[in-house]
Every structure is written in structure tokens, then in C-alpha cells.
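I have placed the structure first, in the form of C-alpha cells, so that the comments after it can refer back to it.
The values are calculated or read from the model by the stated rules, or taken from the named source; none is laboratory data. Everything quoted here is computed from the prediction, not taken from an experiment. Note that each Cβ is placed from the backbone with ideal geometry, even for glycine, and that neighbours are counted across all protein chains shown.
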Amino acid sequence: MTTELSLANVQGDILVGFSKKVELFYFFQIDNADAFRAQLTNLVPLISPADKTIGEKAEIRKKKEEHRQNVDVGYGTVIKPVHFPVVGVNIAFSATGLQKLQFIDNPKLNDVIFDNGMKQDAKELGDNNANPGADFKPDWDPAFLQDIHGVVLIAGDSFDTTSKKLADVKASLSTNSVSSIIEVATLAGDVRPGENSGHEHFGYLDGISQPAIDGVDEKILPGQAKINQGVVLLGRKGDTGNSPPWALDGSILAFRKLPQKVPEFEKFLLESAKSSNIDIPDGANGADILGARLVGRWKSGAPVRLAPLADDPELGKDEQRNNKFKFSSNSQRSCPFAAHVRKMNPRGDLDAEIINERLILRRGIPFGPEVTSEEKITNKTQNERGLYFVSYQSNLANGFSFLQKSWANNEKFPVEKPFLSGFDPIIGQKVDQSPPREMIGANGDNVSSPMKLEAQWVNSKGGEYFFSPSIPTLKNV
Ligand code: HEM
């Protein structure tokens with residue numbers, strides 16, 4: 001009989017999400033399994049469970065509110081910007097990492113996609129082939145072509161505090177200066193600066209729509225989906241898989257490095273807006289409208305379903321309203337079927353029960369510098385930037401892997417008759433990129449002319465599936 005969920009048992013990034021300006025992803029191989037298992041006792045106290053993460057987030061909110069009130073009463077000039085040195089640490093293991101750990105005879109999750117690892121899934125995900133014409137080899141960064149056994153996530157307010165915490169993590173996993181792990185790569189993401197904070201690199205506010213978890217989230221916002229704990233946590237109500245007892249209260253973490261071609265995307269919007277026949281009200285910016293129709297939200301976060309013709313920043317930031325909508329199942333006047341948020345959460349197009357099993361918790365962070373003036377002039381990406389995508393789900397056949405393959409990459413979804421919806425213009429991948437991807441509905445209900453989407457603006461450069469165990473399981477490994 002499974003006991004009631006305790007937030008002290010679940011790693012904090014899963015159910016709550018770390019507060020972060022910066023996040024380090026430390027990918028490692030286990031060199032000496034016996035030593036590693038012994039040293040985990042030193043590491044576990046550094047791991048942030050969900051109850052601690054909730055407390056820290058509440059504290060940050062309180063401090064920000066106090067700060068805002070002080071500024072409001074006119075002391076703003078003498079008060080220094082608020083600074084919260086909060087750092088969250090979590091750990092997760094790949095399928096080969098669980099094997100390597102040797103903490104149990106057969107450490108499989110019975111999730112075929114997880115147990116085989118992301119390299120095996122890359123072709124079906126539509127990732128590019130580095131060996132065209134020969135056996136498929138994903139066109140990934142070399143680090144992800146290696147065996148990665150695990151990842152430590154360290155999220156916090158600055159590079160300084162997160163780097164210091166990483167040093168503590170490494171020290172906890174070594175005895176007499178001999179480490180039980182080998183570093184494969186350390187990637188660093190950071191929230192974009194200034195007014196772009198919270199926006200991904202194409203410029204759109206991110207992290208608006210997340211499902212609420214039954215029995216965990218007290219506040220449910222208008223329009224927010226409520227999901228069973230088992231959609232995210234293994235072994236809980238609603239988990240459709242067949243996982244072993246030691247997996248209880250763990251979650252599968254999908255990590256993807258997704259570089260974004262920002263100047264090329266912007267050039268496409270500008271040129272297409274000039275040539276296509278989208279309705280552009282007087283004085284409005286055609287590229288902005290087109291971009292909003294590809295994403296399904298304006299840059300401010302306002303959904304095009306509620307604000308079809310112009311951005312509405314008040315709506316974008318109003319959490320009481322910015323998720324309160326459904327698509328009208330036979331129309332794409334306000335939002336194309338293929339728009340990224342409609343593909344990923346086709347609310348109103350399908351029954352809520354079907355969608356709710358496929359919702360994921362997204363915990364990604366941007367990486368890379370802002371677009372330079374030279375890149376703007378040449379319309380060519382010269383510096384790599386994009387999204388370190390992170391999602392949590394209890395199984396991949398419903399979560400990330402399903403969403404990418406069956407919805408984003410599937411031109412028949414959500415509608416195939418009397419026309420094909422087309423590819424998700426933001427993340428949809430087409431194995432053979434020639435001819436280019438197409439989508440319907442960028443021009444409203446004019447379905448006669450699909451829009452050619454050119455080469456992809458987001459191309460995966462690798463990743464891995466990890467299992468983020470419960471704290472009790474970490475203690476028993
Ligand atoms: C929502 C951008 C990759 C799944 C969004 C939003 C933006 C965005 C701007 C709207 C904000 C929000 O609702 O929170 C991007 C970019 C990506 C990317 C630029 C790649 C560089 C992915 C991937 C997946 C995904 C790989 C999963 C396969 C979702 C989901 C939502 C979402 C589930 C919420 C939809 C809703 O509930 O309305 N994304 N995304 N995204 N994205 Fe992505």
C-alpha cells in the first residue's frame with residue numbers, strides 16, 4: 001500500500017521548480033560505483049527536497065514584496081536591489097547510470113524509451129543525421145554522444161553561488177581527493193537580462209502555462225489544468241506505467257540542448273509578413289502578428305486566442321486571465337492549429353482526459369548571449385544561443401517523447417481533414433528537411449496556401465533521459 005505523498009521525499013525541481021537566474025548542468029560518468037554509492041551519503045544532505053524549495057520560494061516572494069513596498073513609499077533610491085543567495089541541488093541518473101550503480105540486479109524503469117536512452121530515440125525524434133546516406137548518427141555535440149551516467153542540476157541566483165555549490169558537490173563525491181565520478185560536460189544556462197528576463201531567445205515570455213498537481217498545488221489558476229500526481233511521479237495515482245517499487249516518487253527528466261537561430265527566425269517573419277496575406281491592421285507590425293500566430297502567444301505572453309490582432313501586455317502578465325481560454329475545435333481564425341502552444345496543449349481540440357495525461361512540467365532555462373548588432377545586420381547566427389529544455393514526466397510514451405514525435409512533428413495533428421495542420425513551426429522536426437516544413441493557418445482561415453517554414457530554427461544538439469529518484473531511494477542506493 002503506497003503511503004501519502006510527502007514533499008520531503010521528492011526532489012525540489014520536479015514539483016516546485018527552482019528559483020533561478022542561473023543553472024549549471026553537471027553531466028558525469030560514474031568511475032567507481034562502490035565509492036560513489038558510499039559517497040552519496042555525503043551528497044544527499046546537499047539535495048533540495050520539494051518542501052525546502054517551496055519554503056525558499058515563499059521567502060523570496062515575501063522579500064520581493066517587502067522590497068516593492070519600500071520602493072513604493074519612496075525609499076527606493078536608498079534600498080539596494082534584493083539579493084537572495086538560494087541554491088537548489090538535484091541529481092538524476094540515465095538508464096546506463098542506473099545499471100552502472102549496481103544498487104539492484106535489474107534497475108529498469110520498464111519505460112522502454114527511458115531504458116534505451118535518448119541516443120536510441122534521436123532518429124524517431126527527428127533529430128538531424130550527421131551521416132546522411134549512411135547509418136543514422138545524431139548530429140549532436142560530442143558530449144552527448146558519450147555515455148552519460150547522471151546529471152547534477154544546480155540552480156541559483158548567480159554564477160558565483162552556483163559554482164561554489166558545484167565545488168561542494170564534487171567534494172562530497174571524492175575521498176582523499178580521489179573522485180568517484182568523471183566530468184563529461186558542465187553546461188550553464190542563464191535567464192536573459194533586463195526586460196527580457198523570463199523570455200526565451202525568440203523573445204516570447206515562457207513558463208506561463210504549467211499544470212497544477214492534485215494534492216500539491218493549493219492554488220489553481222483560471223484555465224490551469226489539474227493533473228494526477230502520477231502524470232509526473234512514478235508509482236502515484238495516474239501513473240500508467242509498470243515501474244518497480246524503488247522508483248516511487250521519482251520522475252523522468254528529459255534534457256535537450258536546443259539552439260535557436262534567432263536572426264534567421266526574425267528575418268523570416270519580416271519577409272513573410274510582407275509577402276503573405278495575413279490581416280494586418282493599420283499601424284500594426286506584420287512580423288509581430290505572424291510570430292504570435294506561430295507561437296500562439298504574443299511576446300508579452302498574451303494568448304492570440306484572446307488577443308487575435310494586437311499584443312496586450314496587461315493580459316500577458318495577468319495570471320488570472322492569461323491561461324483562461326480554450327481553442328474552438330473547428331477554427332484557427334485566432335490561432336493556427338499548428339501554433340506551438342496549440343500543438344503542445346490542444347485545449348478544446350481534444351478531450352481534457354487525453355490531454356491531461358500528456359502534460360509535462362517544464363523547467364528549462366535559456367543559454368547563450370544576446371543577439372549582437374552584427375548578427376542583426378547579417379541575419380546570421382554567429383554565437384550559439386537557445387534553450388536548455390528540461391521536462392518532468394512519469395513516462396516518455398506520454399510525455400516529452402510523445403509530444404515531440406506525435407504532435408510537434410506530425411503534420412496531421414490536431415487536424416488532418418480537410419487539410420493538414422502542418423508542423424509545429426517552433427520545434428517541429430522533419431527528418432528529410434527538403435522540401436521544407438509547412439503549416440496551415442498562419443493566414444487565419446485561409447487554408448488554400450500553406451506557409452513554407454524554411455529550414456528549422458531550432459535543431460537539437462543532444463540530450464539524455466534521466467531518472468530523478470526520491471530522497472528515500474537516494475539514501476538506500
Ligand atoms: C509553451 C517556446 C521547446 C512544450 C511554450 C511557450 C513558449 C515556448 C514561448 C509559451 C509560454 C508558456 O505557455 O509557458 C519554446 C521554445 C522552444 C520550446 C523557443 C525551443 C527552443 C519545447 C519542447 C516542448 C515544449 C521541446 C516539448 C516537446 C511546451 C508546452 C508548452 C509550451 C507543453 C505549454 C503549452 C500550454 O500549456 O499552453 N513554449 N518551447 N516546448 N511549450 Fe515550448
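Of these, 334, 328, which one is surrounded by fewer than 18 Cβ atoms within 10 Å (Cβ to Cβ) and assigned to a loop (DSSP other than H, G, I, E, B)?
Checking each option against the conditions leaves just 328.
How many of the residues in the range 148-184 are over 21 Å from the mean Cα position of the chain (by Cα), assigned to a helix (DSSP H, G or I) and hydroxyl-bearing (Ser, Thr, Tyr)?
Residues meeting the conditions: 3.
Residue check: is residue 192 under 30 Å from residue 165 (Cα atoms), in a loop (DSSP other than H, G, I, E, B) and in contact with a strand residue (DSSP E or B) (Cβ under 6 Å, 6 or more places away or on another chain)?
yes
What about residue 255, is it crowded, with 19+ Cβ neighbours inside 10 Å, within 16 Å of the ligand (Cβ to nearest atom), among the hydrophobic types (A, V, I, L, M, F, W, C) and not in a strand (DSSP E or B)?
Considered against the rule, which asks whether it is crowded, with 19+ Cβ neighbours inside 10 Å, within 16 Å of the ligand (Cβ to nearest atom), among the hydrophobic types (A, V, I, L, M, F, W, C) and not in a strand (DSSP E or B), residue 255 comes out as no.
Would a scan of the range 422-437 turn up a residue that is outside any loop (DSSP other than H, G, I, E, B), within 16 Å of the ligand (Cβ to nearest atom), among the acidic types (Asp, Glu) and in contact (Cβ under 8 Å) with a residue 12 or more places away in the chain?
no
Out of the residues in the range 191-209 that are within 24 Å of residue 224 (Cα to Cα) and more than 7 Å from the ligand (Cβ to nearest atom), which is surrounded by the fewest Cβ atoms within 10 Å (Cβ to Cβ)?
It comes out as 197.
Just to verify a result, which residue in the range 150-177, among those that are on the phi < 0 side of the Ramachandran plot and among the hydroxyl-bearing types (Ser, Thr, Tyr), is modelled with the lowest pLDDT?
Ranking the candidates gives 175 first.
May I ask you to say which residue of 135, 105, 115 is at pLDDT 95 or above and either on the phi < 0 side of the Ramachandran plot or not in a loop (DSSP other than H, G, I, E, B) (or both)?
Only one candidate passes the filter, namely 115.
Only one of (1) away from the ligand (no atom under 14 Å from the Cβ); (2) in a loop (DSSP other than H, G, I, E, B) fails for residue 187. Which number is that?
The number of the failed condition is (2).
Taking the residues in the range 297-314 that are within 13 Å of the ligand (Cβ to nearest atom) and either exposed (fewer than 15 other Cβ atoms within 10 Å of the Cβ) or not in a loop (DSSP other than H, G, I, E, B) (or both) as candidates, determine which candidate is farthest from the chain's Cα centre (by Cα).
Among residues in the range 297-314 that are within 13 Å of the ligand (Cβ to nearest atom) and either exposed (fewer than 15 other Cβ atoms within 10 Å of the Cβ) or not in a loop (DSSP other than H, G, I, E, B) (or both), the one farthest from the chain's Cα centre (by Cα) is 303.
Among the listed residues 325, 268, identify the single one that is within 10 Å of the ligand (Cβ to nearest atom) and over 20 Å from the mean Cα position of the chain (by Cα).
None of the others qualify; the one that does is 325.
Quick one: residue 460 ticks every box in (1) of a type in the set (S, T, N, Q); (2) more than 15 Å from the ligand (Cβ to nearest atom); (3) within 30 Å of residue 123 (Cα to Cα) bar one, so which box is it?
Of the numbered conditions (1) of a type in the set (S, T, N, Q); (2) more than 15 Å from the ligand (Cβ to nearest atom); (3) within 30 Å of residue 123 (Cα to Cα), the odd one out for residue 460 is (2).
Residue 382: more than 13 Å from the ligand (Cβ to nearest atom), touching a helix residue (DSSP H, G or I) at 6+ places or on another chain (Cβ under 7 Å), among the polar types (S, T, N, Q) and in a loop (DSSP other than H, G, I, E, B), yes or no?
Taking the combined requirement at face value, the residue satisfies it.
Just to be sure before I move on: is residue 371 surrounded by fewer than 21 Cβ atoms within 10 Å (Cβ to Cβ) and under 24 Å from the mean Cα position of the chain (by Cα) in the structure I sent?
Against the criterion (surrounded by fewer than 21 Cβ atoms within 10 Å (Cβ to Cβ) and under 24 Å from the mean Cα position of the chain (by Cα)), residue 371 qualifies.
Matching residues to (1) under 23 Å from residue 177 (Cα atoms); (2) outside any helix (DSSP H, G or I); (3) of a type in the set (Lys, Arg); (4) modelled with pLDDT of 95 or more:
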{"residue": "9", "(1), (2), (3), (4)": "no, yes, no, yes"}
{"residue": "18", "(1), (2), (3), (4)": "no, yes, no, yes"}
{"residue": "58", "(1), (2), (3), (4)": "no, no, no, no"}
{"residue": "80", "(1), (2), (3), (4)": "no, yes, yes, no"}
{"residue": "90", "(1), (2), (3), (4)": "yes, yes, no, yes"}
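How do the pairs read when you match residues in the range 374-390 that are within 12 Å of residue 457 (Cβ to Cβ) with residues anywhere that are surrounded by fewer than 19 Cβ atoms within 10 Å (Cβ to Cβ) and not charged (D, E, K, R), using Cβ under 7 Å and keeping only pairs 6 or more apart or on different chains?
So the pair list comes out as 385/369.
Could you tell me which numbered condition residue 397 fails, if it satisfies all but one of (1) exposed (fewer than 14 other Cβ atoms within 10 Å of the Cβ); (2) in a loop (DSSP other than H, G, I, E, B)?
The number of the failed condition is (1).
Among the listed residues 301, 286, 250, 291, identify the single one that is touching a residue at least 12 places away in the same chain (Cβ under 8 Å), among the small types (Gly, Ala, Ser) and at positive phi.
Exactly one residue qualifies, and that residue is 301.
Given the criteria out of contact with any strand residue (DSSP E or B) (no Cβ under 7 Å at 6 or more places or on another chain), part of a helix (DSSP H, G or I) and within 15 Å of the ligand (Cβ to nearest atom), does residue 354 qualify?
It is true that residue 354 is out of contact with any strand residue (DSSP E or B) (no Cβ under 7 Å at 6 or more places or on another chain), part of a helix (DSSP H, G or I) and within 15 Å of the ligand (Cβ to nearest atom).
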